[in-house]
1. Name the long-range amide H neighbours of V147: under 5 Å, sequence gap of 5 or more, or other chain; modelled H, no Pro or chain starts.
2. Please report the spacing between the Cα centers of the stretch 143-218 and the stretch 300-364 in Å, no decimals.
3. Starting at the first residue of the stretch 200-213, write each ³J(HN,Hα) from the Karplus equation 6.51 cos²θ - 1.76 cosθ + 1.60 with θ = phi - 60°, in whole Hz, x for Gly and Pro.
4. What FRET efficiency, computed as 1/(1 + (r/R0)^6) with R0 = 25 Å and r the Cβ-Cβ distance, is obtained for R132 and R46, rounded to the nearest 0.05?
5. How would you order 207-218, 246-257, 348-359 from highest to lowest mean count of nearby Cβ atoms within 10 Å?
6. Just the number, please: percent antiparallel of the DSSP beta bridges in the chain, rounded to the nearest 5.
7. Kindly identify the stretch 235-382 as rounded, prolate or oblate by the Cα gyration tensor criterion: order the square roots of the eigenvalues as a ≥ b ≥ c, call it rounded if a/c is under 1.5, otherwise compare a/b with b/c, prolate if a/b is larger, else oblate.
8. State the Kirkwood hydrodynamic radius of the chain in Å, one decimal place, computed from all pairs of distinct Cα atoms.
Amino acid sequence: MWSPGLGPKGCFVRKKTVIIGAGVIGLTLAAELAKSGAEVEVYESRVSVSQNAGRASGIFSTEGLSRIGIDYAPALQNTLNGAVISGGKQSFAIETKGTKAFVLDRRILAELCAENAIKNGAKVILGKRISREELLELAHDKNNILVGADGAVSNVASVFGFPKIDEYVLTYKAEYENARVGDIHKVGLFFSNKIAQRFFGWTVPYSGSKLEVGVGVSSYSRQNSMSAFNAFIKNRSVGDMIKDAKRTIGYASIIPLQVRKKTVMNNVLLVGDAAGQVKATTGGGIIFGTACARIAAKAIMENIGAGKPLERYEKMWRSAYGLDLRLHKMVHGYYSNLNDRGFSMAIIGAKLLGLEKFLGKYGDMDSPKLMMKRFFLRSLSN
Ligand SMILES: Cc1cc2nc3c(=O)[nH]c(=O)nc-3n(C[C@H](O)[C@H](O)[C@H](O)COP(=O)(O)OP(=O)(O)OC[C@H]3O[C@@H](n4cnc5c(N)ncnc54)[C@H](O)[C@@H]3O)c2cc1C
């Protein structure tokens, strides 16, 4: 439970945490803090938490989801048991034993996270964009802990001079009805430097007839995501899936591809996409972001209750997840430099090395570190 810290003149002060952004990560942090008895306010510029949530996909490992701390069942759309990866003229299939990932409806997930935060006692204020002046004023009061959970293009990070993120992925995704989905339990990943430079295109089945199609291009490239998307849907296998389908909605968005070099300065913290706590391989940010939000909650509670420095957040999350995020960045660094011939060669090589089977058996969508560990333990026990 929360206990008040001792103020400068020996009196007890009650600190307040102000979170900018009611995305999944800000709301997770708010719920954790409120559960521990802290005073917490979340400000969100949009009028509803689900308003823009559909701009992202909802693929999560079953294992990662079990740790996000809410009952996500109402958001469940589909189950996944593998992926088909295409690159150049080759393709590669990963088949897992049983369900290893879920597709969730991101709008419902956002609503569930908001309900959870409010139920635990957090104050969530919608339709209020916090300006630069208001941010400076909030941080000026040392009884406030200010958290930037304000997404990839974090205003909090730029106002307080946090180190910049150099590379982003620009995305465009659309949803289709009456699509010819094929295997409804497999996602499709399409690598081609001609269509999606330094990232990839994807198809995510929601059901037997509902499909998401999306593409991402690096901010380093000269492409824009909309024209990459138009080129991607002309690709034969994607074109066949959506030939007679109806496009219902489309969104452009952005994903950070790098962790920020610093995520705490004085009484200001960054978490989630604002901190770049995202897997650079796929752009997935919910599992690591929510895990880091829980660490932020612990560091904030220890600051409020025992006066421990907020800087501990930085050390704590980097020692838990820094290596995994660096490994994701290394893998992205490798594939982002391949041309179509290089992708074909890489897939042939991966098949020769038996990686299809290996990934089906030991693959972990979130943690390369854990995947290696499992592999070595199994090898030792065989
Ligand atoms: C196309 C795409 C596909 C993705 N697919 C997956 C996936 O399958 N699995 C996965 O795990 N992750 C995925 N991600 C990443 C995931 O969506 C993000 O990591 C996650 O949404 C980040 O959450 P967040 O709370 O940090 O930021 P956000 O969700 O961006 O929330 C930030 C919030 O802050 C608000 N805000 C900003 N500035 C202010 C201000 N000044 N005042 C008040 N409010 C403000 C914004 O309105 C916004 O609601 C995908 C992303 C994209 C773009």
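The values are calculated or read from the model by the stated rules, or taken from the named source; none is laboratory data. All of these numbers come straight from a predicted model, not from anything done at the bench. Glycine gets a Cβ as well: all are built from the backbone with ideal geometry, and neighbour counts include every protein chain shown. Protein only, heavy atoms only, side chains kept; ligands, DNA and RNA dropped before computing areas. Shrake-Rupley method; radii C 1.70, N 1.55, O 1.52, S 1.80 Å.
1. So V147 has HN proximity to V18, I19, I20, L269.
2. The distance from the Cα centre of the stretch 143-218 to that of the stretch 300-364 comes to 17 Å.
3. 7, x, 8, 10, 10, x, 8, 6, x, 10, 10, 9, 9, 10
4. Details: r = 19 Å, r/R0 = 0.74.
Calculated value: 0.85.
5. Details: 207-218: 21.7, 246-257: 17.1, 348-359: 13.7.
Result, highest mean first: 207-218, 246-257, 348-359.
6. Values: 43 of 65 bridges.
Beta bridges within the chain, antiparallel portion: roughly 65 percent.
7. Values: a/c = 2.48, a/b = 1.47, b/c = 1.69.
Cα axes put the stretch 235-382 in the oblate bin.
8. Working: mean 1/r = 0.0461 Å⁻¹.
Taking the inverse mean of 1/r over all distinct Cα pairs, the chain comes out at 21.7 Å.
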